[in-house]
């Protein structure tokens with residue numbers, strides 16, 4: 001039992017470390033809409049392209 005708990009804790013710690021190294025990679029619709037509004041568009045669908053940046057921000061390329 002103790003071995004299983006230790007193994008689980010190690011996997012969780014390793015996973016958290018990977019997430020922190022990778023940065024934020026999941027964007028919701030609200031995030032996309034916010035990025036579009038910041039670029040002067042009323043909807044994300046009007047953008048030519050939405051690009052996730054390594055910093056965690058979203059770049060919007062206008063049509």
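Pulled fully out, how much extra length does the chain show between residue 7 and residue 62, if you take 0.36 nm times their separation in residues and subtract their Cα-Cα distance?
15.0 nm
Quick check on packing: order 31-38, 48-55 by the mean number of other C-beta atoms within 10 Å, highest mean leading.
Order by mean packing, descending: 31-38, 48-55.
Each reported figure results from applying straightforward, stated rules to the coordinates on display, with no laboratory input. This is a predicted model, so every value here is computed, not measured. Cβ atoms come from the backbone with ideal geometry, glycine included; neighbour counts cover every protein chain shown.
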